[in-house]
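Engineer: Shown below is the structure under consideration.
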Amino acid sequence: MPTRGVAVAATGPAIEAQSEAAAHPADMVRLPGGRFAMGSAAFTDAQPVHTVTVGSFWMDVHEVTNAQFAAFVRATGYVTVAERPLNPADYPGVPTEQLVPGAAVFTPPTQAVGLDNPLRWWRYAPGASWRHPLGPTSSIVGKDQEPVVQVCYEDAAAYARWAGKRLPTEAEWEFAARGGRATATPYYWGPELKRKGQWAANIFQGDFPNRNTVADGFRTVAPVKHFPANAYGLYDLEGNVWEWCSDLYRPDYYTKSAALNPKGPADSYDPDEPGTVKHVQRGGSFLCSDQYCDRYKAGSRGKGETLSASNNLGFRCVKSAL
């Protein structure tokens, strides 16, 4: 998808943890921690499958919502990266009038297209932000319980600090998504795509990217907690929106991952875009389809440029347990 791809200084007041949230985790589940087989033989960058142990931690029951993020913005005056002015020095040769804040928006073509170029269905939308996920004429009014989107890694980390929490490591995220299952299954919820004949997650049905049958009831994001929770009582750990993790991304990290509470590599590297700093994303989104992106499946990994946002990208937080 289109990326912003430049470093931007934070604006607004310093973000400090709110003491109430820090002391009393609300809408969180305490996970016991434990050992599990992390990764998937079906995805090159999720190999080898390896044994990992994570300590106990609290995790948000659902993705951070528009209402929750709005409370953060009201309290701090925070300005997201997608809303900040662009620095002409970072874009040599680009006319100043074209340097308009915005973010990536999924824009399906009207007919079938080849799947070799994501720019056929992604566009940079000036004015797109968490308040206007699809561009300046869109709105989140009446959508308080939908997951906030158009937030980059920096934005998600700022919210987490304010809430007295942090972003999950990808090991914590996968442990939570597996829901205590002793054996691996193709999907986090079990062996079959549907659960008891019903769609178990908000993903793409039909012919990607131009024909979405909306069989699961949602063309884009679904309100949090619409689909069934897993065995830990956590919702939407697959589909709906991608979720930021704290780990930097390297496709070879699992070959040398720590066995206890791994926190990711010391640096980022993606052979597809060398020189671009990326963090891990997990869980897939409403755009995941076996025709194109099946990384909502168990053990799979996503990746995203650290300062880029899109309308299928959000997050949830965790908190270490004492």
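FYI, it's all coordinate maths here, none of it is from the lab. What you see is a predicted model; the values in this text were computed from it and never measured. Ideal geometry is used to build each Cβ from the backbone, glycine not excepted, and the neighbour counts take in all protein chains shown.
Engineer: Say R0 is 25 Å: what FRET efficiency, to the nearest 0.05, do residue 51 and residue 320 get from their beta-carbon distance?
Structural biologist: 0.70
Engineer: Below 8 Å, C-alpha to C-alpha, sequence gap of six or more: please give me the relative contact order for the chain in percent.
Structural biologist: That works out to 26 percent.
Engineer: Another one. Taking amide hydrogens as modeled 1.01 Å from N in the peptide plane, which residues meet the under 5 Å criterion relative to residue 321, leaving out close sequence neighbours?
Structural biologist: Sorted by chain and number, the residues that satisfy this are 57, 58.
Engineer: Could you state the principal axis extents of the C-alpha atoms in the stretch 19-320, from the largest down, to the nearest angstrom?
Structural biologist: Answer, in whole Å and largest first: 55, 49, 40 Å.
Engineer: For the charge dipole of the chain, defined by +1 on Lys and Arg C-beta atoms and -1 on Asp and Glu C-beta atoms about the Cα centroid, which residue among 173, 134, 268 has the Cα displaced farthest towards the positive pole?
Structural biologist: Of the candidates, 173 comes out farthest on the positive side.
Engineer: A further question follows. Between residue 214 and residue 231, what is the spin-label point distance in nm, taking each point 7 Å from the Cα along the Cα→C-beta axis?
Structural biologist: Label-label distance for residue 214 and residue 231, simple model: 3.6 nm.
Engineer: OK, next. Counting helices only, and only those DSSP H runs with n ≥ 4, report the 222 nm mean residue ellipticity of the chain as the sum of -39,500 (n - 2.57) divided by its residues, in deg cm²/dmol to the nearest 500.
Structural biologist: Rounded to the nearest 500, the figure is -3000 deg cm²/dmol.
Engineer: Once fully extended, how much extra length lies between residue 195 and residue 30, figured as 0.36 nm per residue of separation less the alpha-carbon to alpha-carbon distance?
Structural biologist: Once the chain is fully extended between residue 195 and residue 30, it gains 56.9 nm.
Engineer: Could you tell me which of rounded, prolate or oblate describes the stretch 219-322, using a ≥ b ≥ c as the square roots of the eigenvalues of the alpha-carbon gyration tensor, with rounded for a/c under 1.5 and, failing that, prolate when a/b is larger than b/c and oblate otherwise?
Structural biologist: It is oblate, given that a/c is not under 1.5 and a/b is not larger than b/c.
Engineer: List, in order, the whole-Hz ³J(HN,Hα) value for each residue of the stretch 153-158 obtained from phi through the Karplus relation with A = 6.51, B = -1.76, C = 1.60 and θ = phi - 60°; use x for Gly and Pro.
Structural biologist: So the J values, rounded to whole Hz, are 4, 4, 5, 5, 5, 5.
Engineer: Give the calculated FRET efficiency between residue 294 and residue 96 to the nearest 0.05, with a Förster radius of 30 Å applied to their Cβ-Cβ distance.
Structural biologist: My answer for the efficiency is 0.15.
Engineer: Now, a different point. Which residues does a label at residue 256 reach in the stretch 36-50, if reach means a backbone N under 15 Å from a point 7 Å past the Cα toward the Cβ?
Structural biologist: From the stretch 36-50, the list is 48.
Engineer: What does the charge add up to near residue 134, with Lys and Arg as +1, Asp and Glu as -1, over the other residues with Cβ less than 14 Å from its Cβ?
Structural biologist: Spelling it out: positives minus negatives among the neighbours equals +3.
Engineer: Still on this structure, I have one more. Label point 7 Å out from residue 107 along Cα-to-Cβ: which residues of the stretch 120-159 have amide N under 15 Å?
Structural biologist: 120-129, 133-138
Engineer: Then there's this: With 5 Å bins from zero, work out the P(r) of the stretch 264-307 over every alpha carbon pair and list the percent per bin.
Structural biologist: Reading the bins upward from 0: 5, 21, 25, 22, 19, 8, 1.
Engineer: Sticking with this one: By the scheme Lys and Arg +1, Asp and Glu -1, what is the net charge of all other residues having a beta-carbon under 9 Å from that of residue 57?
Structural biologist: Around residue 57, the charge tally is +1.
Engineer: Compute the length gained on full extension between residue 207 and residue 183: take 0.36 nm times their separation in residues and subtract their Cα-Cα distance, giving the result in nm to one decimal. Let's see the in-between values first.
Structural biologist: On the way: separation 24, 0.36 × 24 = 8.64 nm, distance 3.16 nm.
Taking 0.36 nm per residue and subtracting the Cα distance, the gain is 5.5 nm.
Engineer: Restricting to the stretch 19-320, what percent of DSSP beta bridges are antiparallel, rounded to 5? All intermediate terms of the calculation are to be shown ahead of the outcome.
Structural biologist: On the way: 32 of 36 bridges.
Given both bridge residues lie in the stretch 19-320, the antiparallel proportion sits at roughly 90 percent.
Engineer: So, one more: With the cut-off at 27 Å, tell me which of the pairs 143/165; 194/278; 165/196; 256/278; 196/278 have Cα atoms farther apart than that.
Structural biologist: In this structure, 194/278; 165/196; 196/278 lie more than 27 Å apart at Cα.
Engineer: Sticking with this structure for a sec: Got a sec? Charge dipole of the stretch 19-320, +1 on Cβ for Lys and Arg, -1 for Asp and Glu; which of 151, 232, 286 is way out at the positive end?
Structural biologist: 232
Engineer: So what J values fall out for the stretch 211-226 if you push phi through Karplus, 6.51 cos²θ - 1.76 cosθ + 1.60 with θ = phi - 60°, rounded to Hz, Gly and Pro as x?
Structural biologist: Listing the rounded values in order: 9, 9, 6, 6, 4, 8, x, 9, 7, 10, 6, 10, x, 4, 6, 6 Hz.
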